[in-house]
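Here the structure comes first, spelled out in structure tokens, and everything after it is commentary.
The values are calculated or read from the model by the stated rules, or taken from the named source; none is laboratory data. These figures come from a predicted structure and were not determined experimentally. Every residue, glycine as well, gets a Cβ built from its backbone with ideal geometry; the counts of neighbours run over all protein chains shown. Ligands, DNA and RNA are stripped out before the accessible areas are found, and what is left, the full protein with its side chains, is counted by its heavy atoms. Shrake-Rupley method; radii C 1.70, N 1.55, O 1.52, S 1.80 Å.
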Amino acid sequence: MASRATDAGTNQSVERAVSVLRALDSGRPELRVSDVAELTGLGSSTTSRLLSTLERLDMVERDPVSNLYRLSLGILPLAATATNRHPVHRAARMVLQDLATRTGLGANVAVRRDGELMFLCNFEGARAPKSYTQGGHTAPLHATSIGKCLLTALAPKERRRLLGDPLAAHTEYTTTSHDLLDEELDTVRRTGYAVEAEERALGRASLAAPVRDASGDIVAAISLWGPTSLLGERADAEAERLALVREVIEAADAISQALGAL
């Protein structure tokens with residue numbers, strides 16, 4: 001019984017430590033102990049002890065002037081190893097870098113993790129707006145072209161259970177109806193690519209295509225993103241947009257082949 005109690009206490013400590021690390025990835029660059037305690041729901045003394053332990057382990061660090069906490073570079077080798085060993089990242093990195101250089105737009109790859117997508121890497125071309133997206137960042141599935149490609153792998157009932165109802169609105173153009181989303185996903189399956197225009201952020205649009213593995217399953221998706229003037233559905237930009245559709249589909253096919261898809 002003592003062993004079980006010890007294991008339970010140890011597991012709880014690990015869960016609490018991870019919750020502290022995730023709180024420090026909440027969007028603000030540095031946090032006070034009280035901020036971390038509020039985000040995690042832990043007591044101030046428990047939070048302070050965990051931060052001190054994580055500081056000794058070089059997972060977090062304190063600013064010498066403000067005494068505020070932030071994630072330490074000591075965590076970087078672990079994150080880099082996890083990313084670099086992921087088969088999709090290995091297959092996609094050079095393809096996307098070339099795609100961003102060739103088109104001048106942003107190019108990224110993402111996988112689905114439960115009800116969100118997670119970016120593995122992002123490259124910016126000369127025509128791409130400044131982006132703060134980086135590996136490990138998450139985004140909504142229903143409001144992005146890359147997420148719509150990932151959602152085509154799920155049955156309607158599973159999608160509804162995963163995403164909830166109604167779908168969250170990020171701008172006035174976000175699809176918030178499951179029935180309308182079902183129609184969009186049918187189009188994605190038929191055409192082989194997805195389109196998103198200002199559904200997640202105003203002024204930006206994207207095109208995406210799914211990536212498959214050796215079994216034919218959709219395991220990731222890639223996208224080109226940039227200003228709506230280039231990727232939106234304006235008539236005067238139609239020829240370039242169609243050329244970019246071909247680019248993103250061909251790049252996704254190249255990555256799929258590297259993963260063993262026929």
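Kindly provide the set of residues from the stretch 100-118 that are β-branched (V, I, T), farther than 10 Å from L224 by Cβ and open to solvent by less than 20 Å² (accessible area, probe 1.4 Å), ordered by number. Show your work before the answer.
Going residue by residue through the stretch 100-118, those that are β-branched (V, I, T) are 101, 103, 109, 111.
Filter once more, so that each one left must be farther than 10 Å from L224 by Cβ: 101, 109, 111.
The answer is V109, V111.
Would you confirm, using the coordinates I've provided, whether T81 is among the β-branched types (V, I, T), under 25 Å from V211 (Cβ atoms) and in contact with a Gly (Cβ under 7 Å, 6 or more places away or on another chain)? Quick ask: steps written out before the conclusion?
Working: among the β-branched types (V, I, T): yes; under 25 Å from V211 (Cβ atoms): yes; in contact with a Gly (Cβ under 7 Å, 6 or more places away or on another chain): no.
In short, no.
Among (1) over 30 Å from E247 (Cβ atoms); (2) in a helix (DSSP H, G or I); (3) of a type outside the set (F, W, Y); (4) within 27 Å of the chain's Cα centre (by Cα), where does S13 come up short?
Just one mismatch for S13, condition (4).
Which one is surrounded by the most Cβ atoms within 10 Å (Cβ to Cβ), of the residues in the stretch 119-151 that are of a type in the set (G, A, S) and assigned to a loop (DSSP other than H, G, I, E, B)?
Going through the stretch 119-151, the residues of a type in the set (G, A, S) turn out to be 125-126, 128, 131, 135-136, 139, 143, 145, 147.
Now drop any that are not assigned to a loop (DSSP other than H, G, I, E, B), which leaves 125-126, 128, 131, 135-136, 143.
Details: G125: 18, A126: 9, A128: 21, S131: 16, G135: 19, G136: 13, A143: 23.
That would be A143.
Just for the stretch 3-33: of the residues that are among the charged types (D, E, K, R) and modelled with pLDDT of 90 or more, which one is least open to solvent (accessible area, probe 1.4 Å)? I'd like the intermediate steps shown before the answer.
From the stretch 3-33, those among the charged types (D, E, K, R) are 4, 7, 15-16, 22, 25, 28, 30, 32; that's our starting set.
After this cut, where a residue has to be modelled with pLDDT of 90 or more as well, the list is 15-16, 22, 30, 32.
Details: E15: 127, R16: 83, R22: 177, E30: 52, R32: 130 Å².
Only one residue tops the list, namely E30.
(1) buried (at least 16 other Cβ atoms within 10 Å of the Cβ); (2) without any contact (Cβ under 8 Å) to a residue 60 or more places away in the chain: which one isn't true of Q97, the others all being true?
The one condition Q97 does not meet is (1).
Determine, yes or no, whether A252 is under 22 Å from the mean Cα position of the chain (by Cα), farther than 23 Å from T171 by Cα, modelled with pLDDT of 95 or more and open to solvent by less than 10 Å² (accessible area, probe 1.4 Å).
Details: under 22 Å from the mean Cα position of the chain (by Cα): yes; farther than 23 Å from T171 by Cα: yes; modelled with pLDDT of 95 or more: yes; open to solvent by less than 10 Å² (accessible area, probe 1.4 Å): yes.
Criteria met by A252.
If you check A92 against the conditions, is it assigned to a helix (DSSP H, G or I) and within 18 Å of P210 (Cβ to Cβ)?
Yes, satisfied.
Which of the residues spanning the stretch 132-151 are at pLDDT below 95 and under 21 Å from H86 (Cβ atoms)?
Listed by number, the residues that qualify are T133, Q134, G135, G136, H137, T138, A139.
Residues that are at pLDDT 95 or above, surrounded by 16 or more Cβ atoms within 10 Å (Cβ to Cβ) and among the aliphatic types (A, V, I, L, M): find the helices (runs of 4 or more DSSP H) completely inside the stretch 152-245 holding 3 or more of those. Walk me through it before giving the result.
On the way: elements: 156-163, 178-191, 228-231.
Answer list for the stretch 152-245: 178-191.
Go through (1) of a type outside the set (A, V, I, L, M); (2) open to solvent by 50 Å² or more (accessible area, probe 1.4 Å); (3) on the phi < 0 side of the Ramachandran plot for H89 and report which single condition fails.
Among (1) of a type outside the set (A, V, I, L, M); (2) open to solvent by 50 Å² or more (accessible area, probe 1.4 Å); (3) on the phi < 0 side of the Ramachandran plot, the lone unmet condition for H89 is (2).
Yes/no matrix, rows are residues, columns are (1) in contact (Cβ under 8 Å) with a residue 12 or more places away in the chain; (2) surrounded by fewer than 16 Cβ atoms within 10 Å (Cβ to Cβ); (3) assigned to a loop (DSSP other than H, G, I, E, B); (4) touching a Ser or Thr at 6+ places or on another chain (Cβ under 6 Å):
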| position | (1), (2), (3), (4) |
| --- | --- |
| A37 | no, no, no, yes |
| L42 | yes, no, yes, no |
| T47 | yes, no, no, no |
| L51 | yes, no, no, no |
| E55 | yes, yes, no, no |
| S66 | yes, yes, yes, no |
| L76 | no, yes, no, no |
| T81 | no, yes, no, no |
